[in-house]
Amino acid sequence: DAGVIQSPRHEVTEMGQEVTLRCKPISGHNSLFWYRQTMMRGLELLIYFNNNVPIDDSGMPEDRFSAKMPNASFSTLKIQPSEPRDSAVYFCATSLGGNGYTFGSGTRLTVV
Amino acid sequence: KQEVTQIPAALSVPEGENLVLNCSFTDSAIYNLQWFRQDPGKGLTSLLLIQSSQREQTSGRLNASLDKSSGRSTLYIAASQPGDSATYLCAVMDTDKLIFGTGTRLQVFP
């Protein structure tokens, strides 16, 4: 298995632009999580899905953030419009029944 | 609300030392606890997973213990090597989501 695949690895965008981050989970994993990591706040859970259904989005910072999981093989995290304070590393992680998480390599987002 | 704390925040030791990294959590009703390693600019690599019914797990030079009643876990690294230099993160599974500590940044020098 190729593990959790995230794209792009790096994204540089101008303030106000729409940004879409992508995640392909490990086949068979039924839970998917989006985390954000910054120096100041560490790893924060933004939203998670169970069997493609959003369960808890209380960590999504603002309405500018949205996430979807249209099927078991794909999820997106969208920021529209982006702001400089959104600059961070965004991680996708998946698990099967809570038996350990596997993280993707992350997307480093820079908003200028 | 579950809170996870790791001590120390940073640690610098000479090669060969045995190390103990500490993790504490405020709510003992956890499902499991996982230790991760993160190299600079990289993702997280899972090291050890301890289920709530277990007391410890071992992998090579790593040993992690869990004491749910006291809300503590320790990661023991034997005979440290420069390649062990990284940030070590502890995370507890609270219902069905992982809550992370702030990490211990470890540097092992030759």
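The values are calculated or read from the model by the stated rules, or taken from the named source; none is laboratory data. From a predicted model like this one, the values you see are computed outputs, not experimental measurements. When we count neighbours, we look across all protein chains shown, and the Cβ atoms used for this are built from the backbone with ideal geometry, even at glycine. Side chains included, ligands, DNA and RNA excluded: accessible areas come from the protein's heavy atoms. Shrake-Rupley method; radii C 1.70, N 1.55, O 1.52, S 1.80 Å.
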Report whether or not B:F36 is at pLDDT 95 or above, touching a strand residue (DSSP E or B) at 6+ places or on another chain (Cβ under 6 Å), within 11 Å of chain A (Cβ to nearest Cβ) and under 21 Å from A:G42 (Cβ atoms). yes
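Scan region A:38-53 residue by residue and report those that are over 15 Å from A:G97 (Cα atoms) and modelled with pLDDT under 95. Steps first, please.
Initial filter on region A:38-53 (over 15 Å from A:G97 (Cα atoms)): A:38-47.
Once the filter is applied, which keeps residues that are over 15 Å from A:G97 (Cα atoms) and modelled with pLDDT under 95, region A:38-53 yields A:T38, A:M39, A:M40, A:R41, A:G42, A:L43, A:E44, A:L45.
Residue-by-condition table, conditions (1) open to solvent by 50 Å² or more (accessible area, probe 1.4 Å); (2) farther than 29 Å from B:Q6 by Cα; (3) in contact with a strand residue (DSSP E or B) (Cβ under 6 Å, 6 or more places away or on another chain):
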{"site": "A:S27", "(1), (2), (3)": "yes, yes, no"}
{"site": "A:M40", "(1), (2), (3)": "yes, no, no"}
{"site": "A:Y48", "(1), (2), (3)": "no, no, yes"}
{"site": "A:M60", "(1), (2), (3)": "no, no, yes"}
{"site": "A:P81", "(1), (2), (3)": "yes, yes, no"}
{"site": "A:R85", "(1), (2), (3)": "yes, no, no"}
Condition set open to solvent by 60 Å² or more (accessible area, probe 1.4 Å) and part of a strand (DSSP E or B), scope region B:41-58, selection modelled with the lowest pLDDT: answer is B:T45
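Considering only region A:89-99, I want to know if a residue exists there that is among the β-branched types (V, I, T), farther than 30 Å from B:S53 by Cα and within 14 Å of another protein chain (Cβ to nearest Cβ).
Applying the first criterion (among the β-branched types (V, I, T)) to region A:89-99 yields A:89, A:94.
After this cut, where a residue has to be farther than 30 Å from B:S53 by Cα as well, the list is A:89.
Next, from what is left, pick out any that are within 14 Å of another protein chain (Cβ to nearest Cβ): A:89.
The answer is yes; a qualifying residue exists.
Open to solvent by 40 Å² or more (accessible area, probe 1.4 Å), within 12 Å of chain B (Cβ to nearest Cβ) and of a type outside the set (F, W, Y): is that true of A:R36 in this structure? Reasoning before the result, please.
Details: open to solvent by 40 Å² or more (accessible area, probe 1.4 Å): no; within 12 Å of chain B (Cβ to nearest Cβ): yes; of a type outside the set (F, W, Y): yes.
No.
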Of (1) in contact (Cβ under 8 Å) with a residue 24 or more places away in the chain; (2) within 18 Å of B:T45 (Cα to Cα), A:G100 fails just (1)
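Kindly indicate whether any position in region A:53-68 is in a loop (DSSP other than H, G, I, E, B), closer than 17 Å to B:L98 by Cα, away from chain B (no Cβ under 11 Å) and within 14 Å of the chain's Cα centre (by Cα).
If we filter region A:53-68 for residues that are in a loop (DSSP other than H, G, I, E, B), which is where we start, we get A:57-64.
Subset that is closer than 17 Å to B:L98 by Cα: A:57-60.
In the following step, the residues that additionally are away from chain B (no Cβ under 11 Å) were identified as A:57, A:60.
Next, only the ones that are within 14 Å of the chain's Cα centre (by Cα) stay: A:57, A:60.
Within region A:53-68 (the criterion being in a loop (DSSP other than H, G, I, E, B), closer than 17 Å to B:L98 by Cα, away from chain B (no Cβ under 11 Å) and within 14 Å of the chain's Cα centre (by Cα)), the answer is yes, since at least one residue qualifies.
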A:T94 is checked against (1) assigned to a loop (DSSP other than H, G, I, E, B); (2) buried (at least 22 other Cβ atoms within 10 Å of the Cβ); (3) not hydrophobic (A, V, I, L, M, F, W, C) and fails just one. What number does that condition carry? (1)
Filtering region B:66-102 down to residues that are more than 14 Å from chain A (Cβ to nearest Cβ), open to solvent by 40 Å² or more (accessible area, probe 1.4 Å) and not in a strand (DSSP E or B), which residue is farthest from B:N18 (Cα to Cα)? B:S69
Among the residues of region A:103-112, write down those that are β-branched (V, I, T) and open to solvent by less than 50 Å² (accessible area, probe 1.4 Å). A:T107, A:V111
Could you tell me whether any residue of region A:7-25 is at pLDDT 95 or above, open to solvent by 40 Å² or more (accessible area, probe 1.4 Å) and within 14 Å of B:L44 (Cα to Cα)? no
